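Quick notes on the structure that follows.
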Amino acid sequence: MNSSTNLTASTPAEISALTDLRQKLASTSEKTQLQLIADVGNQGEAGLTTLMGFLLARQAETGDRSEPMTQNLLKPDLVMGKAYQILQAANTPQTQEFLQTHFPEGVVPLQSPTQIDYRPLQKLLVEQNWQAADQLTLQKLCELAGTAAIQRKWIYFTEVEQLPASDLHIINALWLVHSEGRFGFSVQREVWLSVGKNWDKLWTKIGWKSENNWTRYPQEFTWNLTAPPGHLPLSNQLRGVRVIASLLSHPAWTS
């Protein structure tokens with residue numbers, strides 16, 4: 001262990017727990033890994049210490065994630081995201097100092113050529129404030145589209161086609177990594193492709209429509225992780241499918 005790791009795992013018991021966690025995480029599915037991380041986080045101070053050591057080790061294994069590398073954004077580490085959320089929610093002096101020192105911008109690279117600040121969106125998603133995050137996502141898309149979109153507070157499908165892939169990757173990665181892989185544009189795209197690009201089937205599959213009735217905003221949407229995969233972020237279907245069709249067909253997901 002390096003000196004940084006020793007700051008968070010110094011006793012024989014802590015080192016043993018961290019080693020045991022690494023071994024279990026290496027031999028189980030991602031779903032089981034997420035549950036294991038949650039269980040460790042419920043073990044009080046010792047569990048938090050173990051998670052800090054785990055994050056440092058995982059960071060060393062995956063390399064420097066501070067640069068906006070496409071591979072890091074297309075396949076964000078969901079397990080790191082879960083551990084980060086637990087430590088952030090613990091809100092102890094030790095966990096806050098640790099995160100500020102080693103993960104000041106979270107576990108998703110946020111640097112964008114457009115210079116748009118995605119930290120507020122990250123904060124809402126880490127806190128699992130899904131409805132506010134959904135609203136802010138639309139705001140960020142409008143910022144990307146330009147002044148006219150900001151003023152009207154929604155975007156045209158022709159504007160979607162011009163959105164930079166780098167920023168769509170960031171927004172999508174934030175949703176993915178902080179929803180255990182359940183939410184995000186790429187998840188919606190996977191569901192859309194799985195139903196043969198049939199919109200009516202998609203609406204039902206992701207919970208935006210029940211029989212012939214549109215899900216009413218906001219009370220009928222599910223603002224937690226029990227929602228169907230792809231349920232969030234939302235898109236206003238009252239204006240038709242051209243915006244979401246452009247979004248799910250964007251080169252960002254195939255380039």
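The values are calculated or read from the model by the stated rules, or taken from the named source; none is laboratory data. It should be emphasised that the depicted structure is a prediction, and the values quoted were computed from it without experimental measurement. Because the Cβ atoms are built from the backbone with ideal geometry, glycine has one as well, and the counts that use them run over all protein chains shown. What goes into the accessible areas is simple: the full protein's heavy atoms, side chains included, and nothing from ligands, DNA or RNA. Shrake-Rupley method; radii C 1.70, N 1.55, O 1.52, S 1.80 Å.
Can Lys201 be described as among the basic types (Lys, Arg), farther than 28 Å from Met80 by Cα, surrounded by 16 or more Cβ atoms within 10 Å (Cβ to Cβ) and over 19 Å from the mean Cα position of the chain (by Cα)? Criteria not met by Lys201. Within segment 23-52, residues that are over 18 Å from Gly81 (Cβ atoms) sit with their Cβ atoms under 8 Å from residues that are open to solvent by less than 20 Å² (accessible area, probe 1.4 Å) and not in a helix (DSSP H, G or I), at 6+ positions apart or across chains, in these pairs: Thr49/Thr8; Thr49/Ala9.
For the structure I just gave you, tell me whether Glu220 is more than 18 Å from Thr137 (Cα to Cα), part of a loop (DSSP other than H, G, I, E, B) and acidic (Asp, Glu).
Numbers: more than 18 Å from Thr137 (Cα to Cα): yes; part of a loop (DSSP other than H, G, I, E, B): yes; acidic (Asp, Glu): yes.
Yes; evaluated as a whole, the condition is true for this residue.
Among residues of segment 226-255 that are of a type in the set (Val, Ile, Thr), those with a beta-carbon under 8 Å from a residue that is open to solvent by less than 20 Å² (accessible area, probe 1.4 Å) at least six positions away or on a different chain give the pairs Val243/Ile155; Val243/Val160; Ile244/Gln188.
Residue-wise test of (1) of a type outside the set (A, V, I, L, M); (2) modelled with pLDDT of 95 or more; (3) open to solvent by less than 70 Å² (accessible area, probe 1.4 Å).
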| position | (1), (2), (3) |
| --- | --- |
| Leu73 | no, no, yes |
| Pro76 | yes, no, yes |
| Val79 | no, no, yes |
| Lys82 | yes, yes, yes |
| Ile86 | no, yes, yes |
| Thr95 | yes, yes, yes |
| Phe98 | yes, yes, yes |
| Gln111 | yes, no, no |
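Selection of segment 170-207 for residues being among the β-branched types (Val, Ile, Thr), within 22 Å of Ala132 (Cβ to Cβ) and assigned to a helix (DSSP H, G or I) yields Ile170, Ile171, Val177, Val187. Remark: pairs (first residue in segment 111-133, within 14 Å of Leu176 (Cα to Cα); second residue among the basic types (Lys, Arg); Cβ separation under 7 Å; 6+ apart in sequence or on different chains) = Leu121/Lys140. Any residue at all in segment 159-169 that is under 11 Å from the mean Cα position of the chain (by Cα) and assigned to a helix (DSSP H, G or I)? Yes; the residues of segment 159-169 include at least one that is under 11 Å from the mean Cα position of the chain (by Cα) and assigned to a helix (DSSP H, G or I). For segment 167-177, indicate whether the set of residues that are at pLDDT 95 or above, open to solvent by 30 Å² or more (accessible area, probe 1.4 Å) and more than 18 Å from Leu247 (Cβ to Cβ) is non-empty. So far as segment 167-177 goes, no, none of its residues is at pLDDT 95 or above, open to solvent by 30 Å² or more (accessible area, probe 1.4 Å) and more than 18 Å from Leu247 (Cβ to Cβ).
Could you pull out the residue among Thr50, Thr32 that is in a helix (DSSP H, G or I) and at pLDDT below 90?
Thr50
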